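K.L.:
Below is a structure I'd like to ask you about.
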Amino acid sequence: MTRQDAWALLTEFTKNPNLIKHALAVEAAMRAYARKFGEDEEKWGIVGLIHDFDYEQHPTLEEHPFAGAKILEERGWPKDIIKAVLAHADHTGVKRESLMEKALYAVDELTGLIVAVALVRPSKSILDVTVESVKKKWKEKSFAAGVKREDIERGAQELGVPLDEHISIVLEAMKGIASELGLAGK
């Protein structure tokens, strides 16, 4: 499977521009972690790009990511990619075992928090966001209240990466695609 295949799948099922930007952010973070661990950057990026492709059409816990996994299986996608998609959501009961599965879980929620931090900055630019500014907003439970901070912490622990380093890796990856995310500033 290629990135082109993943992009076609994502855009077939996802029309919401913010969900597409989320997929791009997770893709960038997954590629950064693949580089860090000496893994397959293309495959990890693809997993990041498609992890929520079914969410817009199947947003409930009963459906997502089960519907997506079924579609991937029907279309002949590799089993390790399907398992990673299932393992990124705790409610599936699929245990995270591979580094790729653990990384996907670790970066998913964090990308959302980083976007929220960027959007409240006067510049609206992720380029102005620092690890410290993310950690400052982290402490404000009412800020980006839907972001499960405990999942981010658990994900970093599963990867064996200190939280500050984890935030830095994901933040720097997202800065690399600031324009694609619409977060390059005014």
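Bear in mind that the values in this text are calculations on the coordinates, not laboratory data. Just so you know, these numbers come straight off a predicted model, no measurement behind them. A quick note on method: Cβ atoms are made from the backbone with ideal geometry, for glycine too, and the neighbour counts reach across all protein chains shown.
K.L.:
Ala144 is checked against (1) among the aliphatic types (A, V, I, L, M); (2) part of a helix (DSSP H, G or I); (3) within 24 Å of His64 (Cα to Cα) and fails just one. What number does that condition carry?
P.N.:
Every condition holds for Ala144 apart from (2).
K.L.:
For Ala69, only one of the following conditions fails: (1) of a type in the set (A, V, I, L, M); (2) in a helix (DSSP H, G or I); (3) under 14 Å from the mean Cα position of the chain (by Cα). What is its number?
P.N.:
All conditions are met except number (3).
K.L.:
Could you identify the single residue in Val115, Val129, Val170, Val147 that is without any contact (Cβ under 8 Å) to a residue 40 or more places away in the chain and either more than 21 Å from Lys43 (Cβ to Cβ) or not acidic (Asp, Glu) (or both)?
P.N.:
Working: Val115 fails: without any contact (Cβ under 8 Å) to a residue 40 or more places away in the chain; Val129 fails: without any contact (Cβ under 8 Å) to a residue 40 or more places away in the chain; Val170 fails: without any contact (Cβ under 8 Å) to a residue 40 or more places away in the chain.
From the options Val115, Val129, Val170, Val147, the qualifying one is Val147.
K.L.:
A further question follows. State all residues of segment 84-115 that are among the hydroxyl-bearing types (Ser, Thr, Tyr) and under 11 Å from the mean Cα position of the chain (by Cα); if no residue qualifies, say none.
P.N.:
Kept after step one, since they are among the hydroxyl-bearing types (Ser, Thr, Tyr), are these residues of segment 84-115: 92, 98, 105, 111.
Tyr105, Thr111 - these are the residues of segment 84-115 that are among the hydroxyl-bearing types (Ser, Thr, Tyr) and under 11 Å from the mean Cα position of the chain (by Cα).
K.L.:
Now a separate question. Counting only residues that are more than 15 Å from Val26 (Cβ to Cβ) and among the hydroxyl-bearing types (Ser, Thr, Tyr), which one in segment 104-130 is surrounded by the most Cβ atoms within 10 Å (Cβ to Cβ)?
P.N.:
For segment 104-130, the residue satisfying everything is Ser125.
K.L.:
Out of Ala173, Ala156, I need the residue that is in contact with a Pro (Cβ under 8 Å, 6 or more places away or on another chain) and of a type outside the set (D, E, K, R). Which one?
P.N.:
Working: Ala173 fails: in contact with a Pro (Cβ under 8 Å, 6 or more places away or on another chain).
That would be Ala156, the only listed residue that is in contact with a Pro (Cβ under 8 Å, 6 or more places away or on another chain) and of a type outside the set (D, E, K, R).
K.L.:
Right, next: Any chance segment 82-95 includes a residue that's surrounded by 22 or more Cβ atoms within 10 Å (Cβ to Cβ), touching a Pro at 6+ places or on another chain (Cβ under 9 Å), part of a helix (DSSP H, G or I) and touching a residue at least 24 places away in the same chain (Cβ under 8 Å)?
P.N.:
Yes, that holds for at least one residue.
K.L.:
Please determine whether any residue of segment 132-141 is touching a strand residue (DSSP E or B) at 6+ places or on another chain (Cβ under 9 Å), part of a helix (DSSP H, G or I) and within 14 Å of Ile114 (Cβ to Cβ). Please lay out each step first, then the result.
P.N.:
Applying the first criterion (touching a strand residue (DSSP E or B) at 6+ places or on another chain (Cβ under 9 Å)) to segment 132-141 yields none.
Scanning segment 132-141 turns up no residue that is touching a strand residue (DSSP E or B) at 6+ places or on another chain (Cβ under 9 Å), part of a helix (DSSP H, G or I) and within 14 Å of Ile114 (Cβ to Cβ).
K.L.:
For segment 96-112, what are the residues that are of a type in the set (Lys, Arg) and either farther than 27 Å from Trp138 by Cβ or part of a helix (DSSP H, G or I) (or both)? Before the answer, list the steps.
P.N.:
Step one: list which residues in segment 96-112 are of a type in the set (Lys, Arg), which gives 96, 102.
Scanning segment 96-112 gives a single hit, Lys102.
K.L.:
Condition first: hydroxyl-bearing (Ser, Thr, Tyr) and more than 14 Å from the chain's Cα centre (by Cα). Now tell me which residues in segment 29-62 satisfy that.
P.N.:
Thr60
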